[in-house]
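Below is one structure, written out as structure tokens, with a few remarks after it.
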Amino acid sequence: MSAATQSKRRRIVVAMSGGVDSSVAAGLLAEKGHEVIGISLRLAPEPAPGMPRSSSGCCSIEDFQDAARVATAINVPHYVFDMREEFQRSVISPFVDEYLAGRTPSPCILCNREIKFSLLHKKAFELGADAVATGHYARIERDDAGYHLLCGHDRNKDQSYFLFEMGQRELETTLFPVGAMAKDEVREHAVRLGLPVAEKPDSQEICFVSDGRYAEFVRRAAPERVKAGQIRNENGDVVGTHEGVHGYTVGQRRGLGVSAANPLYVSAIDAETATVTVSERASLAADGLFATGATWVAGGPPDHRERVQARIRYRHDPVAATVVQKGQGTVEVVFDEPQYAVTPGQATVFYRDDEVVGGAWIERGIATAQSRDVLAEML
Amino acid sequence: MQGYFDYNATAPTRPEVIEAMAEAMSEPLGNPSSMHTHGRRARHYIDEAREQLAHLIGAKPRQMIFTSGATESNNMAMRGFAAGAEGRSIITTNIEHVSVLATAEALADQGTPHITATVDRNARPNLDEIRRASAAGPCLVVTAWANGESGHVCDLDSLTAVIGASSLLLMDAAQAVGRIPTRLGNGVDMISLSAHKFGGPRGIGALALADDVVEATTTGGGQERGLRPGTENLPGIVGMGVAARLRSREMDGESERLRKLRERCWQRLRGALNDVIRISPESGLPNTLTIAVGDVGADVILAGLDLAGFSVSAGSACAAGAPEPSHVAIGLGVEDRYLRNVIRISSGCGTTEDDADGLVDSLIAVVARARKAA
């Protein structure tokens, strides 16, 4: 016991996936003398017969056993909480619905909002904890204005995109012990702390789709809702057929089964008519986007004259943009440079330097004329 | 074991048992099948243990087949029954132990029909369903003598009254043996039991058979009347025998003591907590108090009590160890809002009044804290 005995020994719940990041998060907090309670969350359902088991996700029995071994190594209690029902309702079902609606969901954001920073927080407080720690690569800072959500220092691992829906209340009671570290540093700590997961590979896929075959997952989840249809070009000519719109995402090039002189990309998906539209790359450019469900980490939206950096998907290089609030939770974003493949269902997240300002859910891209109108209206 | 309230999961091994097992293991004993002094000595140990165990359940020593525990016993009986003449079926209730339900399902896949009788709120099976099914042809009725999650004890008279003459009754008595009177015969054709539930070692149990009613499903050297071939688990058998001897002697007094302790806990909990329901009945296992607290999950209560030094159990846990709604609570018709809040407090010979009071104090505090946070 060192620092914490001088400051304050806190009871902290650590969400332990069995991976190296959350293991080190737990180890570092325990090392500081805090009373750490490790909790692993049972989220994904049992894989259907014939489907592969998750190997390096965060929901296999092996992962829970890893978490338990880490907890034993750092001498903290460890529990597994069953949240499959809530996860099904608030993450998997919307994931399936979104794909079937011709959109491309971002389930990790929902899981953070509905499970990790909601249900797990509730359970943690019920257990007398005053904070929940996770292994996310993001930072939380506090000043007179309140709490700020910042990017992780390791730009390669930064997960702030998935956390944009956190508000002041969540930030106040959350800790990201490895958020300011580089991945290498985290692994070094794992070795130093003697954690049995130091060499474990990073998980990549969405945890409940262990083999990365999202379309197959959706088809198995709701076979009765899958509708085959046609692939058309921009002129409306039928150029191919498909087995269901859930197999496509805006901006997708591979696997279309359509031959053309120039490469073709999915430019639009209409679930209603089961139509996938393909175009050449130029048609995928959008000058802005329309998004709903906007939330702001620290108070309100940025001023419409301010340039923020906007991400339109997780691994997207942010683009300078202007955010115009159109109504309650509705925003239009105008990019300084056109962006390709604005994908309905993904989140757009706004940054001011290192800081997450907020974000919203993309409904559609908008073209130049429209976006000029948006700005003209405001100025 | 202070703070331990999970005797229905497993009971601490009795010191007398450990002593007897250590002695049996340190003696130069042979294989009980061998025709020499060392072998005969081993055989003697086993015979003695068989008598002690048989005595506990009113059976004859030769009616006892040693197994690794009730799961194996249930498998042996059910699979061995199904392997007999054509046209057999298996009847269970919907709140049996998973070793019964999973085996019945596996056999159903192989062509032995599985009929599931529903139970009412008091765990009484629908007797008409059982009567109808057992009249249709030779069937094996399998049910728990005492349900490990809810503590309900089977009303044997009403059950045996509806089972047809051509049918058999297997009582899964893992939770009942040594805690309440259990007897082979009088309509009970078979009994499954596990030693570790009544103070014996883990990995040993028995199937008691009134008659030769099941086919062998394992082949080997013919031990245990050919039903369970393989060299006997001598230390385990010795340990189980000693535990059985202790339980034969203590059971009545101990039951009464635990019953009083259980009621004391319940009265205190009911007085201190709003919105708490009792699932285990007064007439149930004397050591088992199964309750659900409104608005506080079993996960939070389990973890909270563990942090305070008390081990209890949720009604049921998944393979990963997480509490999940149990088929027993669902089968008993426990209201939805309590399904994920079911906790089971099960005590035993090491449980003292002080310990039980400490548990109740902690439980009240854990619930109060959780409700305050919500």
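Each residue in the range B:122-181 was checked for being closer than 30 Å to B:Glu254 by Cα, in contact with a Ser or Thr (Cβ under 7 Å, 6 or more places away or on another chain) and surrounded by fewer than 17 Cβ atoms within 10 Å (Cβ to Cβ), and 0 pass.
Those residues that are in a helix (DSSP H, G or I) and within 12 Å of chain A (Cβ to nearest Cβ), I need them from the range B:364-374; list them, please. Walk me through it before giving the result.
Within the range B:364-374, the first condition is being in a helix (DSSP H, G or I), and the residues that meet it are B:364-373.
Answer for the range B:364-374, where residues must be in a helix (DSSP H, G or I) and within 12 Å of chain A (Cβ to nearest Cβ): B:Ala365, B:Val366, B:Val367, B:Ala368, B:Arg369, B:Ala370, B:Arg371, B:Lys372, B:Ala373.
Quick check: anything in the range B:274-291 within 14 Å of chain A (Cβ to nearest Cβ) and in contact with a Gly (Cβ under 6 Å, 6 or more places away or on another chain)?
We begin by selecting, within the range B:274-291, every residue within 14 Å of chain A (Cβ to nearest Cβ); these are none.
Looking for residues that are within 14 Å of chain A (Cβ to nearest Cβ) and in contact with a Gly (Cβ under 6 Å, 6 or more places away or on another chain), one finds none in the range B:274-291, hence no.
Among the residues in the range A:147-155, are any in contact (Cβ under 8 Å) with a residue 40 or more places away in the chain, hydroxyl-bearing (Ser, Thr, Tyr) and out of contact with any Gly (no Cβ under 8 Å at 6 or more places or on another chain)? The answer is yes, given that some residue of the range A:147-155 is in contact (Cβ under 8 Å) with a residue 40 or more places away in the chain, hydroxyl-bearing (Ser, Thr, Tyr) and out of contact with any Gly (no Cβ under 8 Å at 6 or more places or on another chain).
Answer with yes or no whether B:Val214 is surrounded by 21 or more Cβ atoms within 10 Å (Cβ to Cβ) and either within 29 Å of B:Thr93 (Cα to Cα) or in the same structural domain as B:Ile91 (by TED's automatic domain parsing) (or both). Steps first, please.
Details: surrounded by 21 or more Cβ atoms within 10 Å (Cβ to Cβ): yes; either within 29 Å of B:Thr93 (Cα to Cα) or in the same structural domain as B:Ile91 (by TED's automatic domain parsing) (or both): yes.
In short, yes.
Scanning the range B:78-127 for residues that are touching a residue at least 24 places away in the same chain (Cβ under 8 Å) and either at positive phi or of a type in the set (D, E, K, R) (or both) yields B:Arg79, B:Gly87, B:Arg88, B:Glu96, B:Asp120, B:Arg121, B:Ala123, B:Arg124.
Say whether the condition of being over 19 Å from the mean Cα position of the chain (by Cα) and more than 25 Å from A:Arg253 (Cα to Cα) is met by at least one residue in the range A:148-159. Steps first, please.
So in the range A:148-159, the residues over 19 Å from the mean Cα position of the chain (by Cα) come out as none.
No, there is no match, as no residue in the range A:148-159 is over 19 Å from the mean Cα position of the chain (by Cα) and more than 25 Å from A:Arg253 (Cα to Cα).
For the subset of the range B:51-94 comprising residues that are of a type in the set (Asp, Glu) and surrounded by fewer than 18 Cβ atoms within 10 Å (Cβ to Cβ), which member is nearest to B:Thr118 (Cα to Cα)?
We begin by selecting, within the range B:51-94, every residue of a type in the set (Asp, Glu); these are B:51, B:72, B:86.
Of the ones still in play, those that are also surrounded by fewer than 18 Cβ atoms within 10 Å (Cβ to Cβ) are B:51, B:86.
Numbers: B:Glu51: 37, B:Glu86: 26 Å.
Here the answer is B:Glu86.
Counting the residues of the range B:269-293 that are within 18 Å of B:Pro325 (Cβ to Cβ) and hydroxyl-bearing (Ser, Thr, Tyr) gives 2. The one condition from (1) buried (at least 23 other Cβ atoms within 10 Å of the Cβ); (2) away from chain B (no Cβ under 14 Å); (3) in a helix (DSSP H, G or I) that A:His136 does not meet is (3). Could you tell me which of the residues B:Gly309, B:Gly304, B:Gly321 is more than 24 Å from the chain's Cα centre (by Cα), within 14 Å of chain A (Cβ to nearest Cβ) and at positive phi? It is B:Gly309.
With of a type in the set (A, V, I, L, M) and at pLDDT below 95 as the only criterion, which of B:Val153, B:Val188, B:Val213 stands out?
Numbers: B:Val153 fails: at pLDDT below 95; B:Val188 fails: at pLDDT below 95.
When all the criteria are applied, what remains is B:Val213.
Cβ-Cβ distance below 7 Å, separation of 6 or more or different chains: which pairs start in the range A:118-133 with a residue that is at the interface with chain B (Cβ under 10 Å from one of its Cβ atoms) and free of Cβ contacts under 8 Å to residues at least 12 places away in the same chain and end on one that is crowded, with 22+ Cβ neighbours inside 10 Å and assigned to a helix (DSSP H, G or I)? That search, which allows pairs on different chains as well, returns A:Glu126/B:Val300; A:Glu126/B:Ala370.
Would you be able to say whether some residue in the range A:308-319 is modelled with pLDDT of 90 or more, outside any strand (DSSP E or B), surrounded by 15 or more Cβ atoms within 10 Å (Cβ to Cβ) and of a type in the set (D, E, K, R)? Yes, that holds for at least one residue. For the range B:324-342, the set of residues classified as free of Cβ contacts under 8 Å to residues at least 60 places away in the same chain and either more than 14 Å from every other protein chain (Cβ to nearest Cβ) or touching a Phe, Trp or Tyr at 6+ places or on another chain (Cβ under 6 Å) (or both) consists of B:Val334, B:Glu335, listed by residue number.
Within the range B:344-363, the set of residues being surrounded by fewer than 24 Cβ atoms within 10 Å (Cβ to Cβ) and within 14 Å of chain A (Cβ to nearest Cβ) comprises just one member, B:Ser362.
For A:Arg192, the test of being within 21 Å of the chain's Cα centre (by Cα) and among the basic types (Lys, Arg) is failed. The one condition from (1) outside the structural domain of A:Asp63 (by TED's automatic domain parsing); (2) under 18 Å from the mean Cα position of the chain (by Cα) that A:Ala222 does not meet is (2). Of the numbered criteria (1) part of a loop (DSSP other than H, G, I, E, B); (2) hydrophobic (A, V, I, L, M, F, W, C); (3) farther than 13 Å from A:Thr104 by Cβ; (4) within 28 Å of the chain's Cα centre (by Cα), the one A:Val250 fails is (3). Whenever a residue of the range A:277-304 is free of Cβ contacts under 8 Å to residues at least 12 places away in the same chain, its partners that are surrounded by fewer than 21 Cβ atoms within 10 Å (Cβ to Cβ) and assigned to a strand (DSSP E or B), lying with C-beta atoms within less than 9 angstrom and at least six residues away or across chains, give the pairs A:Gly300/A:Gln325.
The values are calculated or read from the model by the stated rules, or taken from the named source; none is laboratory data. The model shown is predicted, which means the values in this text are computed figures rather than measured ones. Virtual Cβ from ideal backbone geometry, glycine too; neighbours counted across all protein chains shown.
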